[in-house]
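A short worksheet on the structure shown next.
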Amino acid sequence: PARPEPDQEPRQRGPWQVRDPSYVARAMPGKLEVRCRSCGQRNRIPLTRAGAGGRCGKCKTSLPLPATPVEVERAEDLHTILAQAKVPVLVDFWASWCGPCRMVAPEIAKVAQQHTHEWLVVKANTEVDPRLPAEHKIQSIPMMAVFAHGRELARSAGARPAPAIESFVRSSLAGGGG
């Protein structure tokens with residue numbers, strides 16, 4: 001890549017911009033950006049429709065719930081997703097410096113892929129916006145919480161394998177808590 005001239009500043013990235021080209025869905029201010037699996041087009045869906053799917057603006061293919069966790073970095077974006085989601089939401093509160101958080105990340109991804117049509121899986125980065133962990137009273141990470149119809153049903157701290165995460169979500173949705 002070409003280096004910027006000495007008098008030019010390197011291009012700054014906003015916290016919502018994609019860092020990983022293989023992403024499928026990412027929360028942006030007020031929107032959920034979802035990549036179409038058919039044509040690769042980036043589609044912006046209002047956060048108020050998170051969990052409702054949609055259609056690709058380019059090829060008109062149906063956009064299902066993301067098969068990967070949706071990355072959220074702002075408290076207001078998480079609040080909007082939780083309040084408006086049409087399906088239950090599993091939130092993984094994490095931070096990049098946390099070893100157990102990095103260990104559980106592939107397990108969370110497995111859960112998102114296996115339950116695409118049942119749940120929306122969100123990874124909430126607690127480092128970027130201090131209001132995000134404060135509003136949800138997160139005191140230890142990794143912390144997983146299950147939400148339905150805008151309210152928290154259960155939470156559980158610690159890393160665990162995908163089958164245990166699935167069991168936690170199912171029991172939370174059935175009213176058994178965590």
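Bear in mind these aren't lab numbers, they're just calculated from the coordinates by the rules spelled out. Because the structure is predicted, anything quoted here is derived from the model rather than measured. Every residue, glycine among them, receives a Cβ derived from its backbone with ideal geometry; neighbour counts consider all protein chains shown.
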> In straight Cα distance, which lysines are under 26 Å from K60, not counting same-chain residues fewer than 8 positions off?
Replying inline: K31, K86
> Which whole-Hz ³J(HN,Hα) couplings does the range 145-158 yield from phi under the Karplus relation 6.51 cos²θ - 1.76 cosθ + 1.60, θ = phi - 60°, glycine and proline marked x?
Replying inline: 9, 10, 10, 8, 6, x, 10, 6, 9, 6, 9, 8, 9, x
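Under 1.5 on a/c is rounded, so check that first for the range 82-178, then, if it is not, pick prolate when a/b is larger than b/c and oblate when it is not; a ≥ b ≥ c are the square roots of the alpha carbon gyration tensor eigenvalues. List each step's numbers first, then the result.
Details: a/c = 1.55, a/b = 1.18, b/c = 1.32.
In terms of gyration-tensor shape, oblate.
What number, in percent, do you get for the relative contact order of the range 84-130 if the mean sequence gap of Cα pairs under 8 Å and at least 6 apart is divided by its residue count?
Values: 44 pairs, mean separation 26.5, N = 47.
After rounding, I find 56 percent.
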> Which order do peptides 85-92, 139-146 fall in by mean Cβ count within 10 Å, highest first?
Replying inline: 85-92, 139-146
